[in-house]
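Only the coordinates and a few stated rules stand behind these numbers; no lab work does. Values in this document were obtained by computation on a predicted structure and should not be read as measured data. We place every Cβ from the backbone using ideal geometry, glycine too, and count neighbours over all the protein chains shown.
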Amino acid sequence: MSTFYLSLVSSVGFFMALVALSLQYKHLLSVLLSLEAATMNLFILMFITLNNISFSGEMSLILITLGACEASLGLAILVSMIRVQGNDYVSSFSSQKC
């Protein structure tokens, strides 16, 4: 019964992260934090699901490793964009510039 409540809270957290992503898109850091919250809530959901079918050890290690790589890649992109652009406004980014 406790896994049901944990999955419910994680689902609500995932949708709240999507709401925060749609409302706070001015700075790249807030976009990255919203994506990280969504990733962590999905990690919790997958861990709960995989725990019920006994794949918890291997898959949870793989998923948390991918989450850490995603976070470090996002921060590296943030730092390089701030160095090039001078700010982290999403509106100043353009795919037309090289």
In deg cm²/dmol and to the nearest 500, what is the mean residue ellipticity at 222 nm of the chain if only DSSP H runs of at least 4 residues count, each as -39500 (n - 2.57), divided by the residue total?
-28000 deg cm²/dmol
Quick one: S92, S30, fewest Cβ neighbours within 10 Å first, how do they rank?
S92, S30
Within the range 16-35: backbone nitrogen closer than 19 Å to the F43 label point (7 Å, Cα to C-beta):
16-18, 21, 29-35
Have a look at A76, A20, A38 and tell me which one the Gaussian network model of the chain (Cα, springs below 10 Å) gives the largest fluctuation.
A76
In the calculated pair distance distribution of the chain, what percentage of Cα-Cα distances lie above 17 Å?
60
Expressed in nanometres to one decimal, the distance between label points 7 Å along Cα→Cβ at Y5 and V84 is 4.8
